[in-house]
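The values are calculated or read from the model by the stated rules, or taken from the named source; none is laboratory data. Values in this document were obtained by computation on a predicted structure and should not be read as measured data. For neighbour counting, all protein chains shown are included, and Cβ atoms are generated from backbone atoms with ideal geometry for every residue, glycine included.
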Amino acid sequence: MNDIQQIALLLIGVVRFFIIVHFIMSWLINFQVLNIRQPFVYQVWSGLNRLMEPIYAPIRRILPPMGGLDLSPLVALIGIEVLRILII
């Protein structure tokens with residue numbers, strides 16, 4: 001049981017890392033620190049979007065529109081932390 005718990009916690013840590021990187025990268029792109037026209041930035045950004053969209057899409061359907069403010073990463077992080085606490 002301990003091995004399964006360790007694997008689940010590792011996967012939760014990886015997902016949490018990707019959510020934080022996606023969040024920071026979206027801010028850097030919006031404030032024009034990163035240019036989406038650069039090939040490396042575009043590849044990383046599109047890859048993160050493909051990874052995070054299955055997590056964010058159900059949350060976005062439940063949350064009401066906030067006028068351009070996307071709270072789905074915050075809700076996803078809270079949900080992942082709750083899941084981590086339940087596993088521990």
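Would a scan of the stretch 74-85 turn up a residue that is more than 17 Å from the chain's Cα centre (by Cα), loosely packed, with under 15 Cβ neighbours inside 10 Å and modelled with pLDDT of 95 or more?
Yes: one or more hits.
Of the residues in the stretch 46-69, how many are in a loop (DSSP other than H, G, I, E, B) and either touching a residue at least 40 places away in the same chain (Cβ under 8 Å) or touching a Pro at 6+ places or on another chain (Cβ under 8 Å) (or both)? If you could, list the steps in order and put the result at the bottom.
So the first thing to find is which residues in the stretch 46-69 are in a loop (DSSP other than H, G, I, E, B), and the list is 63-69.
Of the ones still in play, those that are also either touching a residue at least 40 places away in the same chain (Cβ under 8 Å) or touching a Pro at 6+ places or on another chain (Cβ under 8 Å) (or both) are none.
Number satisfying all stated conditions: 0.
Residues in the stretch 1-23 that are at pLDDT below 95 and either of a type in the set (D, E, K, R) or not in a helix (DSSP H, G or I) (or both): how many?
2
Taking interchain pairs and intrachain pairs at least six residues apart, which have beta carbon atoms under 7 angstrom, with the first residue in the stretch 4-25 and free of Cβ contacts under 8 Å to residues at least 60 places away in the same chain and the second among the aromatic types (Phe, Trp, Tyr)?
MET25/TRP45
Determine which member of the set SER46, SER26 is modelled with pLDDT under 95 and hydroxyl-bearing (Ser, Thr, Tyr).
Values: SER46 fails: modelled with pLDDT under 95.
Result of the check over SER46, SER26: SER26.
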